[in-house]
1. Find how many whole Å separate the alpha carbon centroid of region 16-38 from the alpha carbon centroid of region 100-165.
2. Compute the FRET efficiency between D79 and Q223 as 1/(1 + (r/R0)^6), taking r as their Cβ-Cβ distance and R0 = 30 Å, and round to the nearest 0.05.
3. Run the quick spin-label model on L63 and S15: label points 7 Å from Cα toward the beta carbon, then report their separation in nm to one decimal.
4. Which three extents, in angstrom, do the Cα atoms of region 1-114 have along their principal axes, listed largest first?
5. What shape does region 38-83 take by its C-alpha gyration tensor, where a ≥ b ≥ c are the square roots of the eigenvalues and a/c under 1.5 counts as rounded, a/b above b/c as prolate, and the rest as oblate?
6. Where in region 1-90 are there trypsin sites (Lys or Arg not before Pro) that are in a DSSP coil and have at most 10 other Cβ atoms within 10 angstrom of their Cβ?
7. Diagonalise the Cα gyration tensor of region 55-110 and give the resulting equivalent ellipsoid semi-axes, square root of 5 times each eigenvalue, largest first, whole Å.
8. Under a point spin-label approximation (7 Å from Cα along Cα-to-Cβ), what is the A194-A56 distance to one decimal in nm?
Amino acid sequence: MNRLDIIQALMRQKSFKNYLEIGVENGHIFFRIKSSFKVAVDPKFIFDASRRFGKAILNPYNLNNQYFEKTSDDFFAQDAKQVFAGKKLQLALVDGMHEYHFALRDVENALNYMDDNGVIIMHDCNPQTAGAAGRFEDWEVGEWNGDVWKTIIHLRSQRPDLTVFVLDCDQGLGIVTRKKPESTLNYTPAQIDALTYDDLVKDRQKLLNLKSTDYFYEYFGLQK
Ligand SMILES: C[S@@+](CC[C@H](N)C(=O)[O-])C[C@H]1O[C@@H](n2cnc3c(N)ncnc32)[C@H](O)[C@@H]1O
């Protein structure tokens, strides 16, 4: 199971129509989503007008896409109010800058425009090596998930209005919904800043509220 499976299952079975992707790159996921209202945000899209056109032929939903070639912070400061006027966000993939405070701002900003039943999916929440799990400036080679895992700990500690868990697949898919959580954590932002990858390894299950992929269907009451 990967992020596309999850997005498609939610779109189909919950009849979601309004989709935002932060961090789109070449559109590998974005162009495949079948939804009438799709918004793409990335400071550097890795596609040109001809690829956009080709993707609109393959999937006509892409004809109505809105593209914002800028950082997510700039998008939320300059455009989001108008983009989501009269249209609540139902599903968001947060996959931009993979650092704790960036991903946190993306989630908090997206929540401002999200329907009560909406869902935020966060990619890269369950890094498997210390090298993959650090800050961008410390990253050298190989996979980089960043420290988005700290964003999960932050939300589980500071937001008692949100249920947050991580599905154990596709580098860790964080799921955020507006619902009172069954379990919370008790870390301050300063304590979270100081956490290391070793701390994550010692208590991964509990810190991330790590769940099997079956739990996704159970939690949302969806058919496999
Ligand atoms: C891993 S890629 C996204 C992959 C894509 N979501 C997918 O699933 O195929 C991360 C993207 O985040 C973008 N990015 C980096 N900083 C960003 C920021 N501040 N705001 C939005 N996007 C950002 C990068 O340009 C890059 O294209």
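1. Taking the Cα centre of each part, region 100-165 and region 16-38 sit 19 Å apart.
2. Working: r = 36 Å, r/R0 = 1.20.
The value I calculate is 0.25.
3. Distance between label points: 2.3 nm.
4. 36, 32, 31
5. It comes out oblate by the Cα gyration axes.
6. Taking region 1-90 and a limit of 10 other Cβ atoms within 10 Å, the loop trypsin sites (Lys or Arg not before Pro) found are K44.
7. 22, 15, 11
8. Placing both labels 7 Å beyond Cα along the Cβ direction yields 5.4 nm.
Every number in this text was worked out from the coordinates using simple rules, so none of it is lab data. Here the structure is a predicted model, which means the values were calculated and not measured. Heads up, the Cβs are rebuilt from the backbone with ideal geometry, glycines too, and the neighbour counts pull from every protein chain shown.
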